Structures are given as structure tokens and as C-alpha cells.
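The values are calculated or read from the model by the stated rules, or taken from the named source; none is laboratory data. These numbers come from a predicted model, not from an experiment. So basically every Cβ, Gly included, is an ideal-geometry build from the backbone, and we count neighbours across all protein chains shown. Areas reflect the complete protein model, heavy atoms only, side chains present, ligands, DNA and RNA absent. Shrake-Rupley method; radii C 1.70, N 1.55, O 1.52, S 1.80 Å.
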Amino acid sequence: DGNITPPPHSSSSLLATTSHHHEQLLGRISAKDIMAPSPGYPNHNSSIMDGYAIKTSELGDAKRMYDAMTPELREKYVMDFVIVGKVYAGDDDNDDDDKGEAVYSNNIDCNQCTAVYVTTGAVIPTNYDAVIPIEDTTITSSSTTNNGNNNEILRMHIIPSKVKSTFNTKPWTWIRPIGCDIPSEYIVLSEGETIQPVHLALLAQVGVSLEEVHVKKLPRVGVLSTGNEVLPPSSSSEKKRAAGKIPDANRPLLLSQLATYGNCIPIDLGIVSDDEGCENTARRLNSVLWDDAAECEGGVDVLITTGGISMGEKDMMEQVFVEGMGGEVHFGRMNMKPGKPTTFITIDRDTKMGGRRRRCQKLIFALPGNPVSASVCSELLVRPCLDLLHDGVDTTTSTSDYSSRQDQTSMESFTKHAVENAKVHEEVMAIITSDIKLDQGRPEYRRVALQRAPCTSQNGRQEYSYHATHTGVQRSSRVLSLRGADGFMMLPRGGPSGCGYDIARKGMEFPVLLHSSLSVRSDNCWKDSMHRGRWKSEDGDGKGPKLKVGVIVCTSYEQGNDDFQSIDRTLVDSLGGDSHVILVQKFVCKVPSDAENNEEFTQKLSAMVSSPQMEGTNAIFVVVPTDPLAEDNGSSAIAFRAGLEVSHALRPILTKNAGAMALQVRKHAAAHDPVAALFENVVGIVRNGSAVLITCSDRGFEGAVVAVKGLLGYLTSLLNSTD
């Protein structure tokens, strides 16, 4: 979406960050780097062994004397150290060997080697630089008299087999120097990193408190059920339910499902009935999104609704979002089973935060009313979106500099990068255990249980394979089909327009997208997924079959077909280029300048729409251009009048009027050219439900086309919307 702004840093979240002041950090995303403070860890020279700290500088004279001895004398040589102190793990680092040396200083030969007993983890005393393991030593004691006082002197002896190796002891032997495990200023928790138990241990080691950890804000996700037929879950005392009413299974299903993701805060928004009407429902949801009232403190970032999004008489949710709340529809149908009516909408508003105005965007997933459809769509669409919102977009893997360029190409490049590197479900290939009849209209996400079985590969290696058994009748109302499901098997569309066969036979293999509980933190990117590979294989280049469009230019001045090539080019380019669009037919029609010929004009325009030349078109664009030679003589006013005539002529031939879509077309066109706001756009269904008709001006034409681009790719589903 061109509204996404490229991030200025290596990683980004579409949501703000917040400080976290308790220990429930696992699974959260760090909002900033945390570095080890000086001097690092450990913050003192620490003994690795129980043993004796020595000064390697004292070994030189003894080693030279030892090297000069004969073999017989070496066998009798006793290497000993006077023990001048003890340091235990946990003693303050100021408790060095000073006290010990003070006790024995008058009784020790100045040429005598000294040692300090240390335990594992103890601070190494000042000037000592190596540790002799306790198992390489023995201890003796002797007494001396000093000023009438008897003093016991302890000596540490190196066992004969270790004498030679002790002479070769290097500095820092069996010592962990300051900062050797974690250097000063080393990043122990990176921005964008998922916090794991090891991070909590690292933070403790370097002395960073949990209050200093900042995590990215979890998106607040509201869940709303719609419909007069939906009732709150029955209480245990309720024995009988009125006919025509059904329990609301969607909210408990989706709220608990969202809770398992760990990337959001689910919020129960209750039920809205059809009788509340568009205006009241829009007012309530605006309160939920923007926190105009206390219904949802803080406002939700993402809204999930179930029901009311198909094409029934009381399916009003798209009207609520577009007309009542100023939303923009990005796609209105999905080429999948279940979940066909799924609609994705964004709503923007200028808000004031911290004394500054900023553009805020809310995401709306309007899902089908059947619980299985809602659950599957949440898993396949909502979950990856929430991961992207929470985790942010890592741009370190891209060679593009998104922060320095804000042009449309950069926006599209960033969006492509974000989508291709979005984390999706882990996948396995699984063998079906029985024949499955394929849907002739759409690819299907079939709920399956998996069983792992040992097998032998072609080279004789022992491996494992997965076998998939479907979970019974796959009706989108049958929640039992979710019970015991380990994932969704992606089955192709059947028949000659699909994979070429009608039945997937026992033993065939298909990809399975694992359920979230089995792939909590997936490393599988969309660009590398088997899912995408199957999707691309069905549609060639992954963009779906080419869209067939027709054009009717209704002009108030005399011109020929060849004079409107810029309209053709803008249309094709805005819809994705020649590889995605076929321009089937173009007509030019003269708008009459007097009212007497209006009936004739209406008949002529209707005949063009219904003509054999337009047969097979998915969309017909009726464009009213302004006269480039009469710009200073009221061309816009003339085109405006012509637009009214065209709209008046076309409305009677619509089998279904899409008023909400027309408003969106006008909004996008006006964003490109304010004059386009004066034009009366018409959008609806024509040709017995086989094509969409869109009227617009050549002013802001590119914006008008972009407004419907997301819907036209799923035209067949749009015209036959049932789930």
C-alpha cells in the first residue's frame, strides 16, 4: 500500500514503543538496544577453579634453578608456596591478600613464592595472575615463634607429576578476566529481537534491571460479532434458545485464538445487531477505534468483525466502514475456501499526540460470519499481519535505501520487501490418506490432522513422512472440523480451469500450513514458502489471470479512438501493466449537447456496454475527458455536465449499485486532482452480473483506477459472493 512510509532505521514497528516494568517479557519484541555497562561481565578477575592463586612472575628464579638440576635432584625437588590468605566466592573485591600477607609477612622469606587460596568464582587478589587447581596440590603446616607468639604457617606443595607443567604456567591460566564473557558495550539485547529466557539471564549478568527494558507495544485487537441472529454464549441455566437464534461462537473462538499468538492484546467488543443501523454502528466503532468514549480505553489498532460483509440485504458492514467511517477498501473478496467474502479496509485520521499532529491508520478485517471461515482467515491473514505490526520490517536484508527516498517507486519497493520477508506459517508436505473431491471454483484450505511415520528414502536413509487425514465435513459452520486439526492443507482448484483434475487421489502430496500452536515463532518467509510456490504455479506469474477490461470514452467534443491513447496507457499501467491486463475493446461516444438527444444517447451507451465486443470483459471503464484545447473556456464545466449525463444514462442498466465503491473512487481521484471531486462517479454490476462498470473523469483517472484495483483481481468472487 502506498500509504506505508518507509522506516528510517534498520527495523521498524508501525506502532509505538512502551516501557515494560514487570517480568512478563518473554516473547515480546525489544524496542531498543541494551548494552553491557562498563566493565562488562564478569566485572572482576574471577577464578575458574578451586585452587591457589599465584604470581607467575615469581616462578622464574625457581624454574632456572630447577632446569639446572640433575634428574636425581629433580625427583627430590619440592615446589612449595606459602599460603598468605584466602578469598571465597562472594567476598568483596577489596578483600585481597593484604590481610593474609600482614599476618605472615614477618615469617616469610622475601624469596619465597606465595599463594592465596581461592574458590570457584572468587575475586583474584591484586598482583596474582594464575590459578593452580587444588587437585594438583597438597598442604602442609608448620609453626614459628614471633615475639613470643606461635604462628602456624600453611604451605601449598605442587605434586611431583605437576611440577614441570606448573613452571610453564602462563598468566590468566584458570582465570576469567574482566569482561571476557560479555565485553563492555556489547549489545546483549538488540532492538527488534524477541526476548527469550537467555536474554533475561544476560540482563541479570550485566546488571540491567527489568525496568530498563523497553518493548514494542502490542497491537490492541478488537473482536466484534454482528447480526440479529447472534446471541451471547448461553448461561448454564438457559435450556432453550429461540428459533432462528444462534450462539456467538465467533468471539470466544477468535479471542482465544488471538491470545495464543503472543503478538497482540485481544479485546472483546461484544455484538452489534443489524437493527442498530449504519449510522449508529459507525458511531460506536469510531468510538472503539479512536477512543472518543470510554468503551475501549486507548482505542484499538486492529478491528476484526465477523458477519455482515457478503451481499445480503442486511449485510451493511462495508457500508458502515466506507460511507459511515471514511474507510478505504483494499480488497473485497478472496479466491479461497473458506473465507471468500473477506474484506480488508483501512481508516486514516489526523490525530494529536504529544502536542504534535500525526496521521494514524487503523486496520479492519471484515471476516465472514461462519466461525470456521473467521478462524481460518484469522490464522492465514490476521496473524501474519499482527506479526508484521509487532515485529516491524527488517530492512537490513535489503539493498534499497528507503529512508532517503520517499517517491512512489521507493514506497512500492519497501512494500514488496516487507511482504516477501513477512513471517508466515511453517509448512510440511503431507500425503493424503483418502480421496478428496476438489472444489471447482476456488483453492481450499482443508483442515487436516497429521501423523508422522518412518519411511526409507531412495538412497536408503531412514526418514519421516507426514500423512494427512481430513477432519470430517468441511462446512464453514462446522467448528468440529477445527478440532484435532494440526494445520490447513492447501488443495488446488479442481477442473479444467484449475489443476486439470477433479479428485485428489489417495497418496498424492500437498503442502500443509501448520497451526500457530505448532509454529509459534516461524522463520519461514512468504517469498520462500511452498504456499507461495503453489499459488504462483496456478496463476503463472503469481498475479492471477489477466484482467480483461473495456473502455468507453464519452466525450463532449469530436475526436477519434486514437486520440485517447493516454487514457488506455494510464489504465493499463495503473492496473499492473501489459502482463496483467488485456484491453479488449474501446468505444468512443459523443455526449449530446442538448436534452432532446439524451434518450438516444442512453440507448447507444447501453448498447456499447452490452455489445458482443465487450463480451468476456471483467471491468468496463466509462471515462469522460476534458477538452485539452478548451481549458480556458470552461472545459471542466462542460465535462462536469457530460459526466452527469453519463451517470444518468448508466444507472438504469446497473443490476447492483456499489455506492460505497463509488465514493472511494471519487476520494482517490480527488487526491490526484481536486477537480475530480466534482464528477459524479458510478460503480456497479452490469452484463447480467458478469462485469463491473466504473465511470470517472480523466482528471485524477490514475487515482480512480487504483481505488478499484484491489477488487478487480477477485472479480469472479465479487459477483458470486457466498461462503
To the nearest 0.05, the calculated FRET efficiency linking Gln613 and Leu654 through their beta-carbon distance, R0 being 22 Å, is 0.65
Partner lysines whose C-alpha sits under 18 Å from that of Lys55, ignoring same-chain residues fewer than 8 away, are Lys63, Lys86, Lys99, Lys162, Lys164, Lys170
Nearest-0.05 FRET efficiency for Glu599 and Leu231 at R0 = 56 Å, using Cβ-Cβ distance, is 0.60
About its Cα centre, segment 426-513 carries a charge dipole, from +1 on Lys and Arg Cβ atoms and -1 on Asp and Glu Cβ atoms, whose size in debye to the nearest 20 is 300
Going through Lys314/Lys656; Lys590/Lys709; Lys217/Lys416 one by one, the pairs whose alpha carbons sit over 22 Å apart turn out to be Lys590/Lys709; Lys217/Lys416
For segment 131-183, dividing by residue count, accessible area per residue (probe 1.4 Å) in Å² works out to 59
Log10 I(q)/I(0) at q = 0.23 Å⁻¹ for segment 131-224, from Debye over equal alpha-carbon scatterers, is -1.17
